[in-house]
Amino acid sequence: MIPDRAEGPDLIRPYALTGGRTRPSRSDLTLTTSVVAVAEVVEDDPEAREIHALCGRPVTVAEVASRSGLPLGVVRVLLADLVDRGNVLAHTPDRERDRPDEATLRAVLARIKEL
Amino acid sequence: MDGPGVFGQAPDTLKIVVAGGFGAGKTTLVSALSEVEALHTEEEMTVAGTGVDDLKGVEAKTTTTVALDFGRITLDPTTVVYLFGTPGQRRFSHMWAELVEGALGAVVLADTRRLTDCFDVIDFFEARRVPFVVAVNCFDGQRSHRAEDVRVALDVADPVPVLLCDARDRASVKEVVVELVELVLRLEMSGA
Ligand SMILES: Nc1nc2c(ncn2[C@@H]2O[C@H](COP(=O)(O)OP(=O)(O)O)[C@@H](O)[C@H]2O)c(=O)[nH]1
Ligand SMILES: [Mg+2]
């Protein structure tokens, strides 16, 4: 947890972490994209390291944002940099593109009823 | 899943959006089925100071969060359901577009004290053809509401399920999610 960064309405400081960039270098990082660290971060950038450390096992972008305490937009910019540099792998689930078929929906229904 | 080696088999993700006004019970509903995590969105933070919410009717709630909350339900090793909660007022619509992208469908959580809170998001889901159900959260003393009255008040079309629920009750929330998945299944089978 990065303390206090996401507190309050002041966004200027969080975006200072991205060099003022508000848009990620890639657009494929959705809320439910899975990300996982694959190579060590060499940069001496504490936020990049923190984000990288949160990807020690496959997690979603939403979870990384939540656990870092940083705003989603900032996390997306930092994650996109890590993906570009080869430090993190991203996988966007097929469900983001294709509606589940009938068999999947029936299986999901059965599972939900069992919860 | 223990590392990059199995990353190719990352689970399928089903996304369900839960929309409703402040205090409608979104966080309660999500936490009835899963652990809740909060997600700060900068968009919400920039609008946080631009308008004061009309808190009439929800005086019991002294604090509100404009953070998105989400829950994760692992159905089996290959299927994970994410529930994302979002405020239902138009000024949060910038989040809706991303949330509904690839979403299975949505739950509109209605608070009968503030039904107007749902209008914008219902319009949005209708325009985007996002399958949705309306769940009327039954706060104490309001069990006299009939789902059909709410349907009329919200002016939602017949195929849209409208049901009463208790956001605190796991079985009741499960029923809401089941209703949504059954709706999606009906749409799938009818080729819609
Ligand atoms: N009596 C009652 N209280 C509820 C119900 N659902 C939520 N609440 C309470 O209403 C308040 C607002 O709920 P919350 O989930 O935080 O609403 P949100 O703003 O939509 O996330 C909380 O104090 C809840 O405990 C319900 O079904 N019945
Ligand atoms: Mg809430």
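Odds and ends about this structure:
- Lone unmet requirement of (1) among the charged types (D, E, K, R); (2) touching a helix residue (DSSP H, G or I) at 6+ places or on another chain (Cβ under 9 Å); (3) surrounded by fewer than 16 Cβ atoms within 10 Å (Cβ to Cβ); (4) modelled with pLDDT of 85 or more for A:Glu40: (4)
- Top-ranked residue in region B:137-150 [being out of contact with any Asp or Glu (no Cβ under 8 Å at 6 or more places or on another chain) and open to solvent by less than 30 Å² (accessible area, probe 1.4 Å); ranked as modelled with the highest pLDDT]: B:Val150
- Here is the figure for region B:5-47: residues that are more than 12 Å from the chain's Cα centre (by Cα), away from ligand 2 (no atom under 16 Å from the Cβ) and either assigned to a strand (DSSP E or B) or modelled with pLDDT of 90 or more (or both) total 3.
The values are calculated or read from the model by the stated rules, or taken from the named source; none is laboratory data. Source: prediction; values computed, not measured. Positions of Cβ are generated from backbone atoms using ideal geometry, with glycine treated the same way; all protein chains shown enter the neighbour counts. All accessible areas refer to the heavy atoms of the entire protein, side chains included, with ligands and DNA or RNA removed. Shrake-Rupley method; radii C 1.70, N 1.55, O 1.52, S 1.80 Å.
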